[in-house]
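J.: Structure provided below as structure tokens; questions to follow.
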Amino acid sequence: MTQRAFPILFITATRIGDAVLSSGLIKMLADQIPNARFTIVAGPLAAPLFAHVPGLDRVIVMEKGKGKGHWFKLWRQVRHKKWSLVVDLRGSATALFLRREKRAIWKKLPGEVVHKVIDAARTLKLEGDPPAPHLYITPDVQALADELLGEGGPILAMGPASNWIGKVWPIERFTQTAAQLLDKDGPMAGGRLLILGGPEDTRMVEELRMASARGRTIDLTGKVDLLTAYACLRRARLFIGNDSGLMHIAAAAGAPTIGLFGPSDERRYGPWGDKAEAVRGPRSFDQFLAVDPDLTQAIRHMSDLPVATVVKAAKALLARTEPAASPQEAVVEEAIADEAVGVEEAPAAAETVVAPIAVAEEPSPQEDVVEAVLAEERELEEAAPSTAHPRESGDPS
């Protein structure tokens, strides 16, 4: 018997970084609800990220209009359907005026600063380990990325741009860092440099491109879309970039990621994952706020982050994420280690039979949250007015 479709309206962020950080919720819902059908609402820059979500019916691009006119326009596009679930990570009142069975609406909570991945997961009442960011691509997208990258040494990927000059590390320092890592005595000797960015970043990366070794540089700045960039980053041995949407895409792709921070809060916007690190100079986020309270001034805040600090962090992350040895290499290493210490095999001990212990299988946190959303309607509370700084906030309405 065919299951009835489960239509989900998922309203995500305008900005690329915030949309990536909440993308794990879509994967969780797709995995737990096989008959889910998604309509995803996102801003113009972030919308292409969701082109290949399984069960996708539609991506609605919501451009901000005068006042709250964009919300009324969205309501007119989705009001005719009865939704099984509405997830609104923008905290709007749209769900109140739609026919829906259940709703999960983000609201600002008082208390300590939490990462955006955790903040998004709490919208679905998910505590513990939140779903990690995840983007969907097709084999064709990966094949295109593989063709662009070709074969060769390990890839050092760099994202030198950001949406505000205050978060941009000087381009000459990216150049110096790449040179030290890719040098014949560096940890990525023989490697290649991959440069990524948007069409507007072409001129700013010119110095990095010109100073890099010929034949070992792949400059895709302004030449690929976000999902192709993601597919390329899946092959990167290391990514170094400013706090930006591209940094979050790199971490989501599983690339060991160094995020460069200054006038933004890594507690909330650091790259997510066990292979990601946030690096900053001597000043804390609060010290930047004292100089630029609204985080809007055209100041090169990142100038106090030394090259040596970034290179040190990069070397440490490369060492920590070194690919595991093959089974054959592991056997050889173990044999050499045993011989070096003169290990002798001890007499075999008497065999002991241990009775198996029965462990009750408990539902995963993801299953719990889906059941909670489907079983109990959440009472909507009016979100408190946001006091976030413009450069730190998620998405202004």
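J.: With 5 Å bins from zero, work out the P(r) of the stretch 1-74 over every alpha carbon pair and list the percent per bin.
T.: 3, 16, 25, 24, 16, 9, 5, 2, 0, 0
J.: Still on this structure, I have one more. If the chain between Lys73 and Ala319 were fully stretched, how many nm would it gain, using 0.36 nm times the residue separation less the Cα-Cα distance?
T.: 83.5 nm
J.: Given the peptides 9-16, 286-293, 162-169, arrange them by the average over their residues of other C-beta atoms within 10 Å, most packed first.
T.: The densest-packed peptide leads the list: 9-16, 162-169, 286-293.
J.: Follow-up. Could you please report the charge total around Gly190, scoring K, R as +1 and D, E as -1 over all other residues with beta-carbon less than 15 angstrom from its beta-carbon?
T.: Result for the neighbourhood of Gly190: +2.
J.: Compute the accessible area per residue over the stretch 97-220, keeping the other protein chains in place, probe 1.4 Å, unit Å².
T.: I get 49 Å² per residue for the stretch 97-220.
J.: Take the residue pairs Lys27/Lys82; Lys64/Lys116; Lys167/Lys315; Lys27/Lys315; Lys27/Lys66; Lys27/Lys167 and return only those whose Cα atoms are more than 28 Å apart.
T.: Lys27/Lys315; Lys27/Lys66; Lys27/Lys167
J.: Here's something else I'd like to know. Bin by bin, in steps of 5 Å, what percent of the Cα pairs in the stretch 111-254 do you find, going until the bin that has the longest distance?
T.: 2, 9, 18, 20, 19, 13, 9, 6, 3, 1, 0
J.: Another question, if that's okay. Over the stretch 140-266, with every protein chain in place, what whole percent of the accessible area is carbon and sulfur at 1.4 Å, could you tell me?
T.: On the stretch 140-266, the fraction of accessible area on carbon and sulfur atoms equals 49 percent.
J.: Using a Förster distance of 45 angstrom, determine the FRET efficiency expected from the C-beta separation of Asp185 and Arg267, and round it to 0.05.
T.: 0.80
J.: For Ala93 and Asp286, FRET efficiency with R0 = 22 Å and r from the beta-carbon atoms, rounded to 0.05?
T.: 0.10
J.: Now for a different question. How would you order 82-90, 172-180 from highest to lowest mean count of nearby Cβ atoms within 10 Å?
T.: 82-90, 172-180
J.: If you don't mind, there's one more thing I want to ask. With the dipole of the stretch 122-204 worked out from charges on the C-beta (+1 for Lys and Arg, -1 for Asp and Glu) around the Cα centre, which of Gly191, Gly166, Leu156 lies farthest toward the positive end?
T.: Gly166
J.: Also, quick follow-up: Could you pull out every residue, at least 5 positions away or on a different chain, whose amide H is within less than 5 Å of the one on Gly43? Hs are placed 1.01 Å off N in the peptide plane, and Pro or chain starts have none.
T.: Here the answer is Thr14, Met62, since their amide H atoms fall under 5 Å of that of Gly43.
J.: Assuming 0.36 nm per residue, please report the length gained on full extension of the stretch His52 to Ile165 beyond their Cα-Cα distance.
T.: Contour length minus the Cα-Cα distance gives 37.5 nm.
The values are calculated or read from the model by the stated rules, or taken from the named source; none is laboratory data. These figures come from a predicted structure and were not determined experimentally. So basically every Cβ, Gly included, is an ideal-geometry build from the backbone, and we count neighbours across all protein chains shown. Remember, those area values only see protein heavy atoms, side chains included, never the ligands or the DNA or RNA. Shrake-Rupley method; radii C 1.70, N 1.55, O 1.52, S 1.80 Å.
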